[in-house]
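This report refers to the structure that appears directly beneath it.
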Amino acid sequence: MSKMKIELPEPLPYSAELPVRITDVNYGGHLGNDALVSLLHEARVAFLGHHGFSEGDCGGAGIVVSELEIAYRAEAFYGDVLSIAVGVGAIGRSRADLFYRVERSADAREIARARTTIAFFDYAARRPRRTPERFLDTFCARSSA
């Protein structure tokens, strides 16, 4: 079995500090994969909010997560505080990649890397939307030429 590699763009400019709760721990005594997905969701909502967006209004469109990849590196345990760095990668016609680096705050040990692809969506019409200009303006370096 090959080991998944998620190449993170630099920088990942936003970071959220989130604790591992007892409800996040599985029968193996460590952070469960389902709980990590929830923590990534929490970090994504905070990241979007930091930029004036929400999952329901991301510059004029909602979003849905269409893809998720996670590469686990180490265990996390109840009581650990995780630093989840978030940043935007490639932006397409109607989607964008968000990247995450999950580290234990106490020792900077990398716990996981992840990528979600968000698709822009019109919830009223129940169909995909183009990437909103405000999202592009916020996350794309544009030349003045």
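Every number here is computed from the coordinates shown, using simple stated rules; none is lab data. In this text the structure is predicted, and so the values were computed from the model without any measurement. Here the Cβ positions follow ideal geometry from the backbone for every residue, glycine too, while neighbour counts run over all protein chains shown.
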List the chymotrypsin sites (Phe, Trp or Tyr not before Pro) in region 1-64 that DSSP assigns to loop (not H, G, I, E or B) and whose Cβ has at most 10 other Cβ atoms within 10 Å. Which are they?
-> 27
Phi angles of region 114-125, converted by Karplus (6.51 cos²θ - 1.76 cosθ + 1.60, θ = phi - 60°) into ³J(HN,Hα) in whole Hz with x for Gly and Pro, give 8, 9, 10, 9, 9, 10, 7, 9, 9, 5, 5, 8
Run the numbers on the chain and let me know its relative contact order in percent, using alpha-carbon pairs under 8 Å that are six or more apart.
-> 27 percent
Principal axis dimensions, region 14-139 - Cα atoms, whole angstrom, descending = 43, 25, 21
Here region 81-95 yields Karplus 3J(HN,Hα) values (6.51, -1.76, 1.60; θ = phi - 60°; whole Hz; Gly and Pro given as x) of 9, 9, 9, 10, 7, 10, x, 9, x, 5, 10, x, 4, 9, 7
Where nothing but the Cβ of Lys and Arg (+1) and of Asp and Glu (-1) is charged, how large is the charge dipole of the chain around its Cα centre, in debye to the nearest 20?
-> 520 debye
So what are the ³J(HN,Hα) numbers for region 21-33, from phi and the Karplus equation (6.51, -1.76, 1.60; θ = phi - 60°), rounded to whole Hz, Gly and Pro as x?
-> 8, 4, 6, 8, 8, 9, 5, x, x, 10, 4, x, 4
Taking 0.36 nm per residue of separation between residue 23 and residue 81 and subtracting their Cα-Cα distance, the length gained on full extension comes to 19.5 nm
Residues whose built amide H sits under 5 Å from the amide H of residue 105, excluding neighbours closer than 5 in sequence, are 81, 82, 83
Can you put 77, 120 in order of Cβ neighbours within 10 angstrom, beginning with the fewest?
-> 77, 120
